[in-house]
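A short worksheet on the structure shown next.
The values are calculated or read from the model by the stated rules, or taken from the named source; none is laboratory data. Everything numeric in this text was worked out from a predicted model, so none of it was measured. Note: ideal-geometry Cβ built from the backbone for every residue, glycine included; neighbour counts use all protein chains shown. Areas reflect the complete protein model, heavy atoms only, side chains present, ligands, DNA and RNA absent. Shrake-Rupley method; radii C 1.70, N 1.55, O 1.52, S 1.80 Å.
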Amino acid sequence: MRKASRKVLLLALACFLATAAHAQQEIKLKLKPQRPQERQQPEEQVQPLEQQKAQEQAKPQHLETAYIEWKPVEGAISYQIEITDASRNKIIEKTTGATKLEVDLPYGKYYYRVGIITKFNKPSMWTEWHELLVVPALEPSIISVTPSGIYTGLTTRILIKGKNFYRKSSVSVKSADMAVAVTNVKYIDPETLLVTVNSRGANPGSYDLAVKNPGDLLNLTAVAKNQVTVTEKPPGYPLEYHLALELGYHTSTLGEEDPYSGAFGFNFYCEFHSIWRSHEKLSFLRKAPGLYPGVVFSYFGFLKPGEDFGASLMLQAGFFIGYQFTFPLKGELKLNVSPVLGYKQYFRWHRFDGMNSYGSRPILFLGGNTTVDLPKNFFIGIAIEYDAILELRPVHTMGFFVRSGYRL
């Protein structure tokens, strides 16, 4: 009986242990999704992004040395300098007994002010905020200066082309014993400066032109030797006359029932250059252009008269406006391209069936001229012209010309 009871107890204990083990296994299975290492999985995905952001912010930036200098103030024991970034967040605060401070900053825009520290050991007065630009220290270079010749006693604008110009670049025009007054320096872009000079009191001769970039501790200066020439102003306003003679042909569409096949003759014209000095920015070709007026006189004879028609002649007189673009070729040779717009009045005389007839009509014309400057002030070229003759109904003709001229 005792043996049977012992077997029952052992069997019951075995069942209890088996049930407990099964329950523990179920608990472990239920807790498996909640294991600590799996709960941290989202944090492991975010952590690399935060580290990457921190690494980007910690990347070394190129620093440039900036120098701040001020005049000493009587009674000042030392000076306190505050520097902010462009957003006005304070980034530097230093105290020094000197009258200058050297700081290393990334490229950019900053503001600074200086406070005076007296015997009470605290700033008693502050300067105004000043702008501080930290930029690469580059040396300028000069490529061209236009015009290179100026007259005494006049105010002249000079266009300087080069590289590495700054808004605070300064310009000087001087010789060994005299300087030409520079009244204004206008920054246009890193390759262009527009400088106004006043040559009043300057002696005739050659002058050096210098461009200096900001920075007192570095000599960032470009000098063009003997680049500007000052000469005596000639009497009257300096003009440049272009005189030319053109041989040309007009097509036959001069009227609805015109019996002539066209007209052959010549144009004589005079252009007045140097009256206006146009700015290079007005040229989409980035070349120095010039606006000029001109006058023209023409004489043409009609070809192949029809039956009962005798001689027929046409005179024209008018004025025009041109805009010249100049391109250097080789040596003294230069290519000039100019659109032209103008007005003419034609006076036509012809003989029909023994009777003389006379008529006059206005003409609007536009065209283009191309010339090549030759040595000794001569030039040659070609031109094309479209004429609209204002009859009751406008009629049209085209002109083609070969020209040769001289510059006075």
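Side notes on the structure shown:
- Portion, in percent, of the accessible area of region 117-167 that falls on carbon or sulfur, probe 1.4 Å: 53 percent
- Within the assembled protein chains, the solvent-accessible surface assigned to Leu159 is about 20 Å², based on a 1.4 Å probe.
- 1.4 Å probe accessible area per residue over region 119-236, in Å²: 59 Å²
- If R0 is 41 Å, the Cβ-Cβ spacing of Val135 and Ile380 corresponds to a FRET efficiency of close to 0.25.
- Distance (nanometres) between label positions extended 7 Å along Cα→Cβ at Arg407 and Glu64: 4.1 nm
- Met355 exposes around 130 Å² of accessible area when a 1.4 Å probe is run over every protein chain in place.
- In this label model, Leu366 and Met178 are separated by 4.8 nm, measuring between points 7 Å along each Cα→Cβ vector.
- One chain, two ends: Asn203 and Phe309. Fully extended at 0.36 nm per residue, the span grows by 31.4 nm beyond their Cα-Cα distance.
- Subtracting the Cα-Cα distance of Ser274 and Thr95 from 0.36 nm times their residue separation leaves 58.5 nm of extension gain.
- Just the protein heavy atoms count here, and of the accessible area of region 330-370 at 1.4 Å, carbon and sulfur take up 64 percent.
- Computed from the C-beta positions of Phe297 and Thr251, the FRET efficiency with R₀ = 22 Å rounds to 0.60.
- Per-pair calculated FRET efficiency, R0 = 60 Å: Glu232 and Asn121 via Cβ, rounded to 0.05: 0.40
- From the C-alpha gyration tensor of region 85-167, square roots of 5λ in Å: 41, 18, 12
- Note on Thr155 and Ser78: the extension gain reaches 23.0 nm, defined as 0.36 nm multiplied by sequence separation minus the Cα-Cα distance.
- Cα-Cα pairs of region 284-408 separated by more than 21 Å (percent): 50 percent
- Restraint check, Lys161/Lys212; Lys100/Lys122; Lys94/Lys212; Lys163/Lys225, Cα-Cα greater than 23 Å: Lys94/Lys212
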